[in-house]
Every structure is written in structure tokens, then in C-alpha cells.
1. So what's Rg/Rh here for the stretch 14-137, counting alpha carbon atoms and using the Kirkwood radius for Rh?
2. Please work out the C-alpha center-to-center distance from the stretch 48-65 to the stretch 154-222 and express it in whole Å.
3. Report the antiparallel proportion of the DSSP beta bridges in the chain as a percent, rounded to a multiple of 5.
4. To the nearest 500 deg cm²/dmol, what mean residue ellipticity at 222 nm is calculated for the chain from DSSP H runs of n ≥ 4 alone, each contributing -39,500 (n - 2.57), summed and divided by the residues?
5. Please report Rg (one decimal) and Dmax (integer) in Å for the Cα set of the stretch 103-199.
6. At 1.4 Å probe size, with no ligands or nucleic acids counted, give the accessible surface of Asp94 in Å², nearest ten.
7. Which of Lys51/Lys97; Lys21/Lys135; Lys51/Lys208; Lys27/Lys97; Lys27/Lys191; Lys97/Lys191 have a Cα-Cα distance over 30 Å?
8. Quick one: among Glu40, Glu75, Glu111, which has the greatest mean-square fluctuation in a GNM of the chain with alpha-carbon springs under 10 angstrom?
Amino acid sequence: MDALVTDIPLSLIYAASDSVKRGYAVKVVDLRIEREDWREVLAPYLQQGVKLVGISVMTGRPLVNSRDISQFVREVAPKTKIIWGGPHPTVVPDTIKETYIDYLGRGYGSELLASLLDLLSGKRDDMEIPGLSYKQADGTPVHIPRPSTFETLSYKDLPYQLIDVNHPGYVRSYNNQRIFPIFTSIGCPYKCNFCVSPAVYREINGAKWRPLENEEVINHIE
């Protein structure tokens, strides 16, 4: 799909929100729009001593890409922790057996990533982070329950500065349009078999879809 539609990576911007608010240095690298070898793009950042690399993982071909990237990270920066998030880890975490992956993020990622960075930075000492998965020393997987409520973020806290929104790579090639998408609601009320949403929102208590306030949407657009 990215060959036809390459919009700005809203999922990464939202996931980075709380980490940026807490003062962590965050870099979003959107490899979909990079024209150079992705290894040459990532290597300089890894050599700076990154604490955590997060990869958004979808089922299918992206799994192969995610494995290649993770193995490269482990080779270049063996002390850097790796977390997989996104649809695949959220729905089928127990199918991920790769030993070079340190953590999985299931469900929403903003508070989870910020809390994990607090842990890696020594600002907290417990791993009871909702939605986090990891393995004990004996290899036993641990899945901390996901939150039962939506993660709601204000547009004022979205770190759009982490990406170049004017990058020519963000274009819909089938009609050459440049689109700046925003979210105007949270969740989804439908149960389409081809979509990840039913599995993602299964653990949400109450309504599975909620519109954002009119004023929030209008101010975001402005």
C-alpha cells in the first residue's frame, strides 16, 4: 500500500508524544521515504548510543523488514534495546520468538514507550507497564495487561517537529496529491475480518468508537 499512499507517519508521532513531553531525545526515521540504503540511514544514529529502538510492525512482508532492521541494530549497537509495536505484536505476541527483540508493545504506545524509557533511564524500577511484553531470565514470556481505556492525546502535544511534513516522499502517487491527515475520532465500531481493529479494541471497556470534541478537531486543523 505504501507504493500508492505514503502519508505522514501519524502512528509514530502519536507514539512519541509522551516521551517528548518528558524530555527524552526522540528521532523518527521513516524508512518508507528514504532513497538511500536504510543501513546507511540508521547507522549514524545507532553509533550515538541510542537507548531504545522502536519498530512499528505489521503482519506480512513488513515482518521480514523488521527482522532485518532488528538484526542490524543488534549487530551495530548490541547494548541498545529493541521494542516491536504495532498491529502484529498487539494481536499475536506469542508468535514472536526472535531472541534479539527485548520488548513488545501491545496496543497504544505513547505512555508505554515513555514509561519504558523511564525504566531504562533508572527513573522507575518496576516493569508493570500496561501493554508491555518481555521475557524472564528463563525465557518465560510476560504480558502485562493492556489498558482498558483509549489513550487520548491532545493535538497540542503531538510532536510534528519530529518529521519533515513537507518531504516530497509524502504523496499519494495514484493522483499525486499531498495529504495531511489527522484523527477526528478514536477506535472503530465495526468488526471487519480483514482489519486489526476488532482485536485492538476488544479490551476497551464500553463503546469501541468515540468522536473527538468539535473544538479539538477544529483547533487541530487550524
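The values are calculated or read from the model by the stated rules, or taken from the named source; none is laboratory data. From a predicted model like this one, the values you see are computed outputs, not experimental measurements. Here the Cβ positions follow ideal geometry from the backbone for every residue, glycine too, while neighbour counts run over all protein chains shown. When the accessible area is computed, the model is the full protein with side chains, heavy atoms only, and any ligands, DNA or RNA have been set aside. Shrake-Rupley method; radii C 1.70, N 1.55, O 1.52, S 1.80 Å.
1. Rg divided by Rh gives 0.93.
2. The stretch 48-65 and the stretch 154-222 have Cα centres separated by 21 Å.
3. 60 percent
4. So the calculated ellipticity at 222 nm is -8500 deg cm²/dmol.
5. For the stretch 103-199, the Cα-based Rg and Dmax read 17.8, 53 Å.
6. Around 90 Å² of this residue is reachable by solvent.
7. Among Lys51/Lys97; Lys21/Lys135; Lys51/Lys208; Lys27/Lys97; Lys27/Lys191; Lys97/Lys191, the Cα-Cα distance tops 30 Å for Lys51/Lys208; Lys27/Lys191.
8. Judging by the Gaussian network model, the answer is Glu40.
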